[in-house]
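In what follows, a single structure is set out as structure tokens and then discussed.
The values are calculated or read from the model by the stated rules, or taken from the named source; none is laboratory data. None of the values given here were measured: they were computed from a predicted structure. Cβ atoms come from the backbone with ideal geometry, glycine included; neighbour counts cover every protein chain shown. What goes into the accessible areas is simple: the full protein's heavy atoms, side chains included, and nothing from ligands, DNA or RNA. Shrake-Rupley method; radii C 1.70, N 1.55, O 1.52, S 1.80 Å.
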Amino acid sequence: MEVASTLLEVARKTPLSIFALGTILSPVFLIACLAVYRLFFHPLSKIPGPLSQKLSGFPRIWHCRQGDRFLREMETHDRYGSVIRIAPNALCFNTLSALQTIYTKDSNVFKGDEFYGLLDGGAEGGRSIMMEADNTAHAARRRVLDKALPPRDQAFRDLNALSKSFAYAVFQEGSADDKGWSKPIDVAPVSAWFSFDLIGTIAFGSPLDMLHEKEYRWVPKCLQSASIFLFWGGYSPFLSFWQWVLGTRIPSILRLQTLQNAQRYADFADWMFHRRAEKLNTGDDLESKRADIFQGLLRSKLYNDLEMRADSSLLIAAGSDAIRLTIAATIFYWLKNPDTFEKAAEEIRGSVASPDEVSESVLASLKYLRACIDETMRLSPAKPSSLPREVMEGGIVVDGIYVPKGATVGVSVYALHHDPDIYPEPYSYDPERWLKQSQDRRMQATFCPFLKGPRACPGKTMAYFAMQLALFHLVYGAPQGGVTADGRTSRHRLRHREGEYQFNDWILGYADGPEVQFKARE
Ligand code: HEM
């Protein structure tokens, strides 16, 4: 009281001071009012969650930057229950019913500006199909994209050839020492080169040849760095500001590495699509006689240049990174659980007399391999955090909770995949659970690494081909016995499980390792 009366006394004497005082106090007053509103009067005020996240969106941005948002969502669910408030205007659920309500065709939601507003074409703008807000426009683009995917037999042949090169590159990286052991090899970068080569082939008609040549090996690292910015930037309230900054020299003057890389990556994606377009126009390249995604998109004439640029950026990232992560993570889980590796190896080596005989039907018969991949994607889904959907006019009811227009809702894939009621011992790597006759029916319904509904991944079939073939050739050629995996645990309190593959979620999952060593088979 004393301080207030002194301040008023001073203010009374000089009008200028009144102005200064008002300038200082009014933002404080406004922030206090906003805090009171968000805590007590906001339509979502009754939903439980950490105080900091009820008050502000910045904790979520912080966790996006740190790469541990999915772990934070899981922790918050464990503490507060099946629906949590993860930002003043955003809810996260961890139930099957919420998954079935939010991501279905007729759900009263769309992809709003939260996260999906940061245009993936860089400073020049342009929305990719994944960022397309309008559901009808999205459906039209999706029809074109689905038709543009290469035919199965062509995709199988291409991916089979690339997978052989992948296995060869892994073995090449390590050379045996005098006891017959290879040097430790980090599988993550080699998987990245493989996955970029495969998306080059599927989407643009020719690989970038990263498995053999070093020229473009900077791209995966550049994309990883760009993704960090695009993830936290997408949740920041100043989207147009960041968009503008990307087009200026500010990132290079201030050495903002992730922003510089966001633009560098967008320019690279632009170059990829223009290179493809040029070859198609001249019609004299071999690739134009084969199907690839951009050939289909370019021929459809549905897109403008900016959308093409954005789709190119999306496809390179979406088509490569999740595959890279899943291959590396499966190897990690195999090495941490040697009996599962032995079983997979036995199945693979017993399936055909020579790896050259692998075919689509042989792959389909490798049930244990498929179960291993699914168990990896359950434990370490490449998109583990909740994917936000903005509620439209009229609101939506999720798990009995009315959510009004303008709020966002989502389901934590990581939390759903670790529900102990559906997946007993949820942190153990147990491929057998996918093979049991008496399987809980909810398992297939909750398992959603590719998401569900009209916005789910169109590359699922191709992704399974690529992951199965890469692991098939690796295991077929892998010398038995001498393999190790590093634990990659850290002191982070949410990352303490020895047997869990540790990765960061920056739109997609990024990790180092595992490191493996090979020894010649007896
Ligand atoms: C293990 C591999 C993969 C996983 C786990 C995966 C996962 C996903 C997920 C969860 C989404 C939904 C994203 C969202 O709504 O925000 C998505 C979308 C998408 N994915 Fe994949 N993906 C994989 C491989 C691929 C491949 C190989 C391609 C390219 C052929 C691809 C192309 C796309 C595209 C274009 C979209 C946007 C679809 C749309 O909005 O209609 N993905 N993916």
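Tabulated data for the structure shown
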read-out: Modelled label reach - residue 140, point 7 Å along Cα→Cβ, segment 89-129 residues with backbone N closer than 15 Å; value: 127, 129
read-out: Helix 218-235 axis, angle to the chain major axis (alpha carbon atoms, nearest 10°); value: 30
read-out: Normalised contact order of the chain, rounded percent, pairs of Cα under 8 Å and 6 or more residues apart; value: 23
read-out: Angle between the chain longest axis and helix 69-80 axis [Cα atoms, degrees, rounded to 10]; value: 60
read-out: For residue 91, distant residues with modelled amide H under 5 Å away; value: 86, 408, 409, 410
read-out: GluC sites (Glu not before Pro) within segment 366-409: DSSP coil, no more than 14 neighbouring Cβ in 10 Å; value: 393
read-out: Nearby lysines by direct alpha-carbon distance to residue 183 (threshold 21 angstrom, same-chain neighbours under 8 apart not counted); value: 164, 214, 336, 519
read-out: Sites residue 147 and residue 399, calculated FRET efficiency, Cβ-Cβ separation with R0 30 Å, nearest 0.05; value: 0.25
read-out: Over the chain: helical MRE at 222 nm, DSSP H runs n ≥ 4 each giving -39500 (n - 2.57), nearest 500; value: -17000 deg cm²/dmol
read-out: Aspartates and glutamates whose Cα lies under 16 Å from that of residue 343, excluding same-chain neighbours fewer than 8 positions away; value: 374, 375, 430, 432
read-out: Set of lysines with alpha-carbon distance to residue 105 below 21 Å, sequence-local pairs under 8 removed; value: 147, 383, 405, 452, 460
read-out: Nonlocal amide H pairs with residue 396, under 5 Å, H built at 1.01 Å; value: 403
read-out: Using alpha-carbon coordinates, inclination of helix 187-204 to the longest axis of the chain, degrees; value: 90
read-out: Listed residues 24, 348 arranged by accessible area, highest first, probe 1.4 Å; value: 24, 348
read-out: Average accessible surface area per residue within segment 42-519, 1.4 Å rolling probe, Å²; value: 41
